[in-house]
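Enquirer: Encoded as structure tokens, here's the structure I'll be asking about.
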Amino acid sequence: MTSTPTPVAGLTTRPATGTTWRDNALCSQVDPELWFPEKGGGNGREARKICDSCDVRRQCLEYALTHHETGIWGGTSDRERQHMRNAKPGQPTLYNAHREVRNATIHQLAALGTLSPAEIAEQAGCTERTVHRVRKEAA
């Protein structure tokens, strides 16, 4: 008996290409173990750096929040997502605070006019791609 796959909430199929957001996720190009750091073994910093420059980060985070996934999803840990789910409307979350601080750092460093995007990325703890994206969004 053959069953028809049932669409999962949060996974939107693009009619023109027949692919989901997961097909464009940068995490699919690296070792899956990176997304599941061992307890006491770090906070998944390498995984988070990849997430910072991923085009489908928001969809990934929304999926993880909806489906109570474990590991690093959308640049957040299980604990950070738990805080997000429990946050009252309008209350800042760890995720938003981290992003705002990173983006402010990028803008401050770029305003100096003396650093290359690679140098800004190194100092802000993100990728060059993120620096370009943040600066483009502000323009």
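Enquirer: Taking 0.36 nm per residue of sequence separation and subtracting the Cα-Cα distance, how much length would be gained by fully extending the chain between LYS39 and ALA138, in nm to one decimal? Kindly include the intermediate steps, with their values, before the conclusion.
Expert: Details: separation 99, 0.36 × 99 = 35.64 nm, distance 3.70 nm.
Separation in residues times 0.36 nm, less the Cα-Cα distance, equals 31.9 nm.
Enquirer: Which whole-percent values make up P(r) of the range 32-139 when all C-alpha to C-alpha distances are grouped in 5 Å steps starting at zero?
Expert: P(r) for the range 32-139, in whole percents per bin: 2, 12, 20, 22, 18, 14, 8, 3, 0.
Throughout, read-outs are computed from the coordinates displayed, never taken from laboratory work. Remember, predicted model here, so these are calculated numbers, not experimental data.
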